[in-house]
Amino acid sequence: AQTVTQSQPEMSVQEAETVTLSCTYDTSESDYYLFWYKQPPSRQMILVIRQEAYKQQNATENRFSVNFQKAAKSFSLKISDSQLGDAAMYFCAYRSASTGNQFYFGTGTSLTVIP
Amino acid sequence: DAGVIQSPRHEVTEMGQEVTLRCKPISGHNSLFWYRQTMMRGLELLIYFNNNVPIDDSGMPEDRFSAKMPNASFSTLKIQPSEPRDSAVYFCASSWGRLKKTPQHFGDGTRLSIL
């Protein structure tokens, strides 16, 4: 099974500053999809951003962008101009493009935004 | 559009009682997933279904847990008998299995407390 590792259990950022959350994964596949989910205290799981492995261009969604390094199997999330509402648990997830429908989740990074 | 609907949102019951959690996936999604989230163990996949058929139930902790999907629009997760260590937030999620780039969509979760 694929493994997804988030090595930062907790991170903090000053409001309006930029923060990067790390994610690495282990796979022998060449085609797959990567996702970042946000879980605020309300406990909803909200999709933040998605990256397709066959695309070299890094995905961006407003203040959220990724740094996708396929050879290094790294998929970090950058949050620019951090806002108080960004405080949440962030999960990285992997999905194979070919085998099965399972999603593999990391253990999460808890982000605190300091006013 | 209606998202994934879970019920109940909260459940408090005494040890030994039967607990049934319910999920209605997004219409048209053919993959359904049950997760358990705790502080200690993070987000754990319990079981997932494709086209109403259980594909991988290796995450089901023990025989006290069972899950069914009698049709494409309904699934249940049952715990009988319940124990205090089953206390957690249980999420249901669905996705479109044939289009791999589609993300999982999560319900709001059921917070289960076993006294």
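The values are calculated or read from the model by the stated rules, or taken from the named source; none is laboratory data. Just so you know, these numbers come straight off a predicted model, no measurement behind them. A quick note on method: Cβ atoms are made from the backbone with ideal geometry, for glycine too, and the neighbour counts reach across all protein chains shown. Quick note on the areas: whole protein, heavy atoms, side chains included, nothing else; ligands and nucleic acids left out. Shrake-Rupley method; radii C 1.70, N 1.55, O 1.52, S 1.80 Å.
Residue B:20 passes every criterion in (1) part of a strand (DSSP E or B); (2) within 20 Å of residue A:94 (Cα to Cα) apart from (2). Looking at the structure I just gave you, is residue A:86 more than 25 Å from residue B:109 (Cα to Cα) and away from chain B (no Cβ under 12 Å)? Against the criterion (more than 25 Å from residue B:109 (Cα to Cα) and away from chain B (no Cβ under 12 Å)), residue A:86 does not qualify. Scan the range A:31-63 for residues that are assigned to a strand (DSSP E or B) and open to solvent by less than 30 Å² (accessible area, probe 1.4 Å) and the total you get is 11. Only a single item in (1) over 21 Å from residue A:48 (Cβ atoms); (2) in contact with a Gly (Cβ under 9 Å, 6 or more places away or on another chain); (3) at pLDDT below 95 is not met by residue B:59, and it is number (2).
Filter the range B:47-67 down to the residues that are within 28 Å of residue A:46 (Cβ to Cβ), part of a strand (DSSP E or B), open to solvent by 20 Å² or more (accessible area, probe 1.4 Å) and away from every other protein chain (no Cβ under 14 Å) and list them by number. Can you show your working first?
Taking the range B:47-67 as the starting set, the residues that turn out to be within 28 Å of residue A:46 (Cβ to Cβ) are B:47-52, B:54-61, B:65, B:67.
With the extra rule that they be part of a strand (DSSP E or B), the set shrinks to B:47-50, B:54-56, B:65, B:67.
Filter once more, keeping what is open to solvent by 20 Å² or more (accessible area, probe 1.4 Å): B:50, B:54-56, B:67.
Correct list: B:67 only.
Residue count for the range A:34-58 under the criterion of being of a type outside the set (D, E, K, R) and over 30 Å from residue B:90 (Cβ atoms): the result is 5. When you check residue B:73 against the structure, is it open to solvent by less than 50 Å² (accessible area, probe 1.4 Å) and either within 18 Å of residue A:43 (Cα to Cα) or over 11 Å from the mean Cα position of the chain (by Cα) (or both), yes or no? When the stated conditions are applied, residue B:73 does not pass them. Pairing each residue of the range A:83-96 that is open to solvent by less than 50 Å² (accessible area, probe 1.4 Å) with any residue that is not in a strand (DSSP E or B), provided the two are 6+ apart or on different chains, yields C-beta distances under 6 Å for A:88/A:40; A:91/A:106; A:91/A:108; A:92/A:6; A:92/A:23; A:92/A:106; A:94/A:2; A:96/A:29.
Scoring residue A:6 on the criteria (1) touching a Leu at 6+ places or on another chain (Cβ under 7 Å); (2) within 12 Å of another protein chain (Cβ to nearest Cβ); (3) touching a residue at least 60 places away in the same chain (Cβ under 8 Å); (4) more than 22 Å from residue B:47 (Cα to Cα) leaves a single failure, condition (1). For the range A:65-83, a tally of residues being in contact with a Ser or Thr (Cβ under 8 Å, 6 or more places away or on another chain) and either of a type outside the set (S, T, N, Q) or within 12 Å of chain B (Cβ to nearest Cβ) (or both) returns 9. Checking each residue in the range A:64-80 for being of a type in the set (D, E, K, R) and either in a loop (DSSP other than H, G, I, E, B) or without any contact (Cβ under 8 Å) to a residue 40 or more places away in the chain (or both) picks out A:70, A:73.
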